[in-house]
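A short write-up of the structure that comes next.
Here, each number is a calculation from the coordinates, and none is a lab measurement. Just so we're clear, the structure is a prediction, and the values are computed from it rather than from any experiment. Note that we place each Cβ from the backbone using ideal geometry, even for glycine, and neighbour counts take in every protein chain shown.
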Amino acid sequence: MSEPALSTSPSLSLSHEFADALPSMAVRWPADAAPDPRLLVLNESLAEELGLDVAFLRSELGVRTLVGVAVPPGATPVAQAYSGHQFGGFSPRLGDGRALLLGELRAPDGSLRDLHLKGSGPTPFARAGDGLAAVGPMLREYLMSEAMHALGIPTTRSLAVVATGREVQRESALPGAVLARVAASHLRVGSVEFARATGDIELLRAVVDYAIARHHPEVADDAVPALGLFRAVVAAQADLVARWMLVGFVHGVMNTDNMTLSGETIDYGPCAFMDAYDPATVFSSIDLQGRYAYGNQPYIAEWNLARLAEAMLPLFDDELERAVELAQEALATFRPLFAEARAAGMRRKLGLVGADGSAVGVADEDVEALAGEFHDLLARTRADYTSSFRALSSAARGDAATLELAVGASDALGAWVERWRSFGPDAEVMDAANPIYVPRNHLVEEALAAATSGDLEPLRWLTIVLSTPFTERSGAQRYAEPATADFIAGYRTFCGT
Ligand code: AMP
Ligand code: MG
């Protein structure tokens, strides 16, 4: 159901470049009516970064704009078509079942960003879904994506969550909401797969050209621009997944429709931060085989990139054999790039770099050995990933008690600390690389439960603490503490449907 008369929002100016460039992948579609829209959270610093008027966004018309019932002048909301490999199987037609691209906006820094709504009603891609979203999962995406941003990890951003005043039927009736999301673009590996699956090479070329113009204009003059784009996506994803690994982030549903070409983290459904260190960590209730377990993420990213290469093959070379060869060469860069990004991050986490980020006479092999041994120690005691790494800075300053508390005192730990300290780790570098505060699962659930029953304060505090994850705050000790072993053992997450 859509509201018959759409009003216009004068204070927001959006373009419709995607809809113009790729009309066959954009279905013009209105948002559902929202009987009683209420702004739950507004990201004022993001609004300012985007040059948006906060007072307008808080106004009645602004809030109606943020749920899609008021359309900014000139905007053309569309549902985007895409395909996806979901848990390994190909679905040729997924698309935005419950989302709309409102349009693009030009930020004051010159960047073009998508403004997108999630939970705005069923589109022609909805299949059996109701097109809606509940308050809890939309606030969860808001919280998680902003926490990732504060950790310095490329991600889509969250501008606002608006309660619609409408009930959403899940296991029980829940309050409905719309998330307004901002992204460098919503182009996914699945967008290219969609174009390829149509068999229309011109469409494939058009998607690739659009992605190049939007994200990597520098490859437009390459001999084979599509190959330049593929290489750039491989590099961006290698860097992204390395960053996830370094903070213990488990995406949870790394289907190809949930992997961007921009290299931003997208689609915070069942994602969660690992508590106890274990590479086999899986939170998602539907990931029964552990396909998307913490330790599998680099392999899955590489697998997804192979699907991207397959979709792009006709643009690499007219001759299939040569095209495959070029694809393989480019894909082969993933592992060394990932290893390099992870090793550089691990160096910082262990404090074995100079202030300018350069290596300080500690060989790569030593860093790798120290990191490997430390992870073995964590695995042995199922130590809390975040607090164990953070405790290293106190140990570097000469106080190993916190580390012993986190990891468990043992001769092996003592020997490791002694060896590591002999390399002169820099505690300040470590403090800037090892967060004190991550969105711990028990805190996230606590804040969302309160928010769903009307109390937004715990969420507000958690958001504030997570906005400066590397800086210790007085009075915030409970945000740094692990959950109970019982909570950790029983914790499951669900896709946002
Ligand atoms: P996901 O893996 O959660 O990002 O979503 C996979 C596909 O399911 C996408 O095409 C979504 O648009 C669609 N989808 C998820 N939830 C719903 C819903 N409640 N109604 C309609 N489509 C949905
Ligand atoms: Mg998705």
Practice task
Enter the per residue convex hull volume of region 244-283, computed from alpha-carbon coordinates, in Å³ rounded to the nearest integer.
Solution key: 74
Practice task
Determine the relative contact order of the chain: mean sequence separation of Cα pairs under 8 Å and six or more apart, normalised by residue count, in whole percent.
Solution key: 13
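Let's see if you can work this out: charge +1 on each Lys and Arg Cβ, -1 on each Asp and Glu Cβ, no other charges. What is the dipole magnitude of the chain about its Cα centre, in debye to the nearest 20? Mind showing how you got there, number by number?
Working: 40 positive and 64 negative charges, 213 e Å.
Here the size comes out at about 1020 debye.
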Handout entry: Within the chain, helix-based [θ] at 222 nm, where runs of 4 or more DSSP H residues each add -39,500 (n - 2.57), nearest 500
Key = -13500 deg cm²/dmol
Practice task
Could you work out how far apart the two model spin labels at Glu446 and Arg380 are, taking each label as a point 7 Å from the Cα in the direction of the beta carbon, and quote it in nm?
Solution key: 3.2
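Of all beta bridges DSSP finds with both residues in region 5-186, what is the antiparallel percent, to the nearest 5?
95
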Fill in the blank from the handout: For the chain, longest principal axis from Cα atoms; helix 411-421 axis from its Cα atoms; angle between them, nearest 10 degrees, is 80
Handout entry: On Cα atoms only, tilt of 334-349 relative to the major axis of the chain in degrees
Key = 50
Problem - Dimensionless Rg ratio for the chain, taking C-alpha atoms and the 2.2 N^0.38 Å reference - result: 0.99
Practice task
Please state the charge dipole magnitude for region 5-186, taken about the Cα centre, from unit charges on C-beta atoms (+1 on K and R, -1 on D and E), reported in debye and rounded to the nearest 20.
Solution key: 400
Problem - Area projected by the alpha carbon convex hull of region 377-456, averaged over all directions, nm² - result: 6.3
Completion exercise
Per its Cα gyration tensor (rounded if a/c is under 1.5, else prolate when a/b beats b/c, else oblate), region 5-186 is best filed as rounded
Exercise for the section: Can you figure out the FRET efficiency of Ser11 with Ala415, using R₀ = 51 Å and their beta-carbon distance, to the nearest 0.05? Expected result: 0.25
Exercise for the section: Take the Cα atoms of region 190-332, build their convex hull, and give its volume per residue in Å³. Expected result: 112
Problem - Per-residue ³J(HN,Hα) for region 170-175, Karplus 6.51 cos²θ - 1.76 cosθ + 1.60, θ = phi - 60°, Hz, x for Gly and Pro - result: 10, 5, 9, 7, 10, x
Handout entry: Between helix 135-150 and the chain: long-axis angle, C-alpha atoms, 0 to 90°, nearest 10
Key = 60
